[in-house]
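Step one of this worksheet: look at the structure below.
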Amino acid sequence: MSTTESAVVRDTSILTSVDPATGETVATHPIADEQAVRAAVAKARTAAATWGELSFDQRKKHLLRWASRITAKADEFCDLIYRENGKPRDDAFLELMLALEHISWSAKNAEKVLKSKRVSPGALMSNFAAHLDYRPLGVVGIIGPWNYPVYTPNGSIAYALAAGNTVVFKPSEYSTTIGNYLAALFAEANPELPDGVFITVNGYGATGAALVHAGVDKIAFTGSTATGKKIMAAAAADLTPVLLECGGKDAVIVAADADIAAAADSVAYGATMNSGQTCAGVERVYVDKSISDEFVAEVKRILSNVRPGSDAGASYGPMTMPSQIEIVRKHIEDALKDGGTAVLGGPESVHPPYIDPVVLVDVDEKSTAVAEETFGPTVTIRTVSGIDEAVRLANDSNYGLGSAVWSRKHGLEIARRLRVGATSVNSVLGFAAISALPFGGVGDSGIGRIHGAPGLLEFSRAHSIAVQRFTIPGMALLSYKRTASTMKLLHRVIPMIHGRHK
Ligand code: NAD
């Protein structure tokens, strides 16, 4: 098979996963039909009775053992990620490292975030004890993308497991072997657990669609906005709650007082690493006019020495999903048609399965290259007259996932004006590596949060319990025994509590 053909060979019952650089078969997997998906969910439902009843400490032990097993198998795992996904082995290792950090954080913090808490019942209900409990949802269906085939779905998997749920995971058709390896390591690390705590179903979109309808208690999806919308519509039929981690068109603001060399270094890396196939990668840059020429020249200089490939010296690998290559090519062509200039590369930079770095300046803001997710190693840079213009243009997007600000003095202040889920100040992507910080977007970038305490709450059901400890004579509010004198008293007390503020 040539490298320009589909990286996944279609068959109705078997999914053949291939190396995106060479087209060689990596592995084959039976495709799960609707019946197989339902059977997997039933198995996970049975396992949930055991896993959900374990103490936080017991679950922590199992999750940390899984992390140790991943660590022990890191070389083998990185090799598989390199072959099935195309990214360099060092990038694969960084991805594993971040996933391990999240497994550890979710395991160690689940109790603190989710343990039962006593809350104040308030003056009028002072005869009650109020308990706020968090319970697992049950079975969580997780549908993943291919670009960070471990780190990204793990943001849902680890947190759902730590919160006491079992997981049925449908990996992307472009990273099926990787997804199955992740689940196999969990089972290997925890042989005494019932089968079904963390299992996979394999296949294309139809398998994912079957999972949405298989009676799971939540769907956690990471992938494109278009698929996210379909999943939300399908989930509405059963009122199945959804977590949607979708695409982005992340902007970087480089202020007049930025460290130009450091900002250029970060932008060059954030735009092209992983072949630009990063949901929160750098796609657009707004740079102050006073430093624009120097900044663009520095980005160009750095990226002139960056090249894709599958050899040990390559900075990033091939495009994993062949259909994305044409989208990247079209965005570059549109940018040039729409008034932009390529200061590095151009349409000729696209030579499947690789794409060289492309730097485009002053492209019309309505061009697809600026308005839509490109998901390739390209970046647009626009010169702006100051921070107000930069913030306005950065926020003028349907997406709102990550972002970055470069400024020596005003980074935090500028960050707080952005309509996004996360911002890195004087770095790119810093937020994605800090386990305690939630990750997710607004608008077309999705709904809900993975990571951090919100990531654990996302996979839990709040259960409010009000316990009446004693009755207050004459204060039977929730009873037909309520008397006229009780109401008279309330008419006197309520203004004293709520009517004093001028
Ligand atoms: P995709 O939407 O094509 O596929 C994602 C998953 O959904 C795959 O497993 C696929 O098989 C499945 N799927 C497809 N159709 C389905 C349907 N109708 N019902 C249920 N499941 C279905 O996305 P992709 O190409 O795998 O991933 C790239 C996209 O993911 C980019 O847009 C990227 O920005 C986004 N992404 C977002 C985040 C984030 O955290 N926000 C992280 C990584 C990637």
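Just so you know, all these numbers are worked out from the coordinates, no wet-lab data involved. These numbers were taken from a predicted model, which means no experiment stands behind them. Cβ placement follows ideal geometry from the backbone for every residue including glycine, while neighbour counts extend to all protein chains displayed.
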- Message: Can you compute the charge dipole magnitude of segment 251-434 about its Cα centre, using +1 on each Lys and Arg Cβ and -1 on each Asp and Glu Cβ, nothing else charged? Give it in debye, rounded to the nearest 20.
- Response: 320 debye
- By DSSP, what percent of the beta bridges with both residues in the chain are antiparallel, rounded to the nearest 5? 45 percent
- Query: Any number yet on Rg/Rh for segment 350-458, C-alpha, Kirkwood?
  - Reply: 0.99
- Cα-based equivalent ellipsoid of segment 251-434: semi-axis lengths in Å, sorted from largest, via gyration tensor: 24, 17, 16
- Message: Ignoring everything except DSSP H segments at least 4 long, calculate the 222 nm mean residue ellipticity for the chain; use -39,500 (n - 2.57) per segment, divide by total residues, nearest 500.
- Response: -12500 deg cm²/dmol
- Task: May I ask you to list the lysines whose Cα is less than 25 Å away from that of Lys502, ignoring any residue fewer than eight positions away on the same chain?
- Result: Lys488
- Message: With every atom except the alpha carbons ignored, what do you get for Rg and Dmax of segment 338-410, in angstroms?
- Response: 13.7, 43
- If the viscosity is 0.890 mPa s and the temperature 25 °C, what translational diffusion coefficient in µm²/s does Stokes-Einstein give for segment 162-250 when Rh comes from Kirkwood over Cα pairs? 174 µm²/s
- Item | Dipole of the chain [Lys/Arg +1, Asp/Glu -1 at C-beta], most positive-end residue of Ile260, Phe431, Gln468 | Gln468
- Message: What percent of all Cα-Cα pairs in segment 418-502 falls into each 5 Å bin, going from 0 up to the bin containing the maximum distance?
- Response: 3, 10, 12, 12, 9, 6, 6, 9, 11, 11, 7, 3, 1, 0
- Item | Overall dimensions of segment 80-208 as given by Cα atoms, namely Rg and Dmax in Å | 18.3, 64
- Taking a cut-off of 25 Å between Cα atoms, list the lysines near Lys300, but don't count ones fewer than 8 places away on the same chain. Lys87, Lys249, Lys289, Lys330, Lys337, Lys366
- Translational diffusion of segment 208-316, µm² s⁻¹ [Kirkwood Rh, Cα pairs; Stokes-Einstein; 10 °C; 1.306 mPa s]: 95 µm²/s
- Task: Find how many whole Å separate the alpha carbon centroid of segment 436-502 from the alpha carbon centroid of segment 350-396.
- Result: 46 Å
- Kirkwood Rh, the chain, all Cα pairs: how many Å? 24.4 Å
- Note on the structure: Placing +1 on each Lys and Arg Cβ and -1 on each Asp and Glu Cβ in segment 251-434, then taking the dipole about the Cα centre, the residue among Ser290, Tyr316, Cys279 whose Cα reaches farthest towards the positive end is Cys279
- All aspartates and glutamates inside 16 Å of Lys117 as judged from Cα atoms, apart from same-chain residues fewer than 8 positions distant: Asp133
- Message: Limiting things to C-alpha atoms, what are the Rg and the maximum Cα-Cα separation (Dmax) for segment 1-149, in angstroms?
- Response: 21.6, 74
- If packing is taken as the mean number of other Cβ atoms within 10 Å per residue, what is the order of 265-273, 386-394, 466-474, 374-382, highest first? 374-382, 265-273, 386-394, 466-474
